[in-house]
1. Rounded to the nearest 500, what is the chain's calculated 222 nm mean residue ellipticity when only DSSP H runs of at least 4 contribute -39500 (n - 2.57) each, over all residues?
2. Can you give me the C-alpha center-to-center distance between the stretch 192-259 and the stretch 267-316, rounded to a whole angstrom?
3. What does the convex hull of the alpha-carbon atoms of the stretch 153-314 project to on average, in nm²?
4. Can you pull the one-decimal nm distance between simple spin-label points at Val118 and Ala187, each 7 Å off the Cα toward Cβ?
5. Could you work out the equivalent-ellipsoid semi-axes for the stretch 11-142, taking the square root of 5 times each eigenvalue of the Cα gyration tensor, largest first, in whole Å?
6. On C-alpha positions alone, give me the angle between the axis of helix 107-118 and the longest principal axis of the chain, in degrees, nearest 10.
7. Could you tell me whether the stretch 94-145 comes out rounded, prolate or oblate from its Cα gyration tensor? Rule is a ≥ b ≥ c as square roots of the eigenvalues, rounded for a/c under 1.5, then prolate if a/b exceeds b/c, otherwise oblate.
8. Full-extension gain between Gln285 and Asp137, please, as 0.36 nm times their residue separation minus the C-alpha to C-alpha distance.
Amino acid sequence: MSPAKTGSWPVTVVPGTPEPDVLRDILDLVADTEDVDGNPPFSEQTLVELKARHAGPHTVLVLLTYAPEENSPTEGEDLAGVAIVVLDGGDGVLEIAVHPNYRNEGVGSMLVDKLVEVRGLQGIRAWSHGDHEAAADLAASYGYRAIRELWRMRLVRRAPEAALEPHRPEVPGGVTLRTFVPHQDEAAWLAANATAFAHHPEQGALTLEDLQARMAEPWFDPAGFFLAVDGSGAILGFHWTKVHPGRAGQSPMGEVYVVGVTPAAQGMGLGRTLTVQGIDYLQAQGLRAIMLYVDADNEPAVALYRKLGFTKWDSDVMYGPVSAS
């Protein structure tokens with residue numbers, strides 16, 4: 001059964017990057033939604049693609065609906081919901097955000113119905129960030145089921161004044177830890193990342209433009225981007241950390257953003273060494289909480305993070321057609 005609708009509002013379809021004023025409306029909706037839900041409604045890559053210079057009908061499809069003025073608690077129309085599809089050939093990943101003021105109004109269904117009308121759902125998978133019950137119901141109403149679960153795990157120090165646990169990573173012989181050097185390490189890191197995440201549908205496909213987009217973000221800090229290199233300078237592994245600024249009265253939070261080890265360096269213990277190095281760095285910045293994302297079925301990684309003190313905090317769920325294997 002589809003979620004109940006209270007009406008049907010006009011849905012605008014935008015192929016590629018929206019105009020600046022509409023983009024601002026989308027980013028405002030993202031911020032409001034994150035403040036209420038505690039997690040972002042769109043993945044980072046989706047927002048990178050949305051704002052990219054190369055974005056066009058072949059890469060991004062945006063669907064928007066504004067609440068009519070009589071339904072709006074403010075003067076004028078408010079952006080009630082937005083759906084973004086990041087396209088890759090014949091496939092795509094859909095994410096939907098509905099403003100907290102307009103939930104239980106059938107906004108998600110309005111957006112998906114329009115997507116079905118203008119493009120169809122062939123090759124489309126969908127993320128639900130936070131695994132909301134409404135998202136599960138919406139997915140089921142279109143014949144979708146959960147096909148992947150991504151956990152968010154969190155490590156929290158009990159008190160700001162608590163002494164840092166004295167981690168001293170054991171670096172394997174012949175390996176050196178250093179930090180990323182902008183304008184020097186991009187190509188080598190991209191090559192190492194591609195091999196380390198050859199099995200990963202998103203991370204392994206990062207391009208130079210994707211990397212540069214992240215380096216241009218206010219949060220980027222090469223001092224928290226660690227590389228493990230061999231005697232010839234080749235990158236064997238890496239741990240890129242991130243700091244999320246506090247929102248809605250919350251304290252800033254660190255993130256184990258990306259940890260990767262190349263196939264040639266597997267079995268050396270670099271994953272744990274690099275992870276601990278990054279944790280030490282983030283805690284030394286005074287951050288009480290550190291989070292990370294990990295696939296729920298990645299048992300070795302989950303076991304490592306549990307040993308380091310992380311516990312499950314939340315989860316994101318990807319949905320695909322029931323017929324998908």
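None of the figures in this text is laboratory data; all of them are computed from the coordinates on show. As the structure is a computational prediction, the values presented were derived from the model and not from experiment. In this analysis, Cβ positions are derived from the backbone assuming ideal geometry, glycine residues included, and neighbour counts consider all displayed protein chains.
1. Estimated from H runs of four or more residues: -8500 deg cm²/dmol.
2. So the separation of the two Cα centres works out to 14 Å.
3. Computing the convex hull of the Cα atoms and averaging its projections yields 9.9 nm².
4. About 4.0 nm separates the two model spin labels.
5. 21, 17, 15
6. The helix 107-118 is inclined about 80 degrees to the chain.
7. Oblate.
8. Extending this stretch completely gives an extra 49.2 nm.
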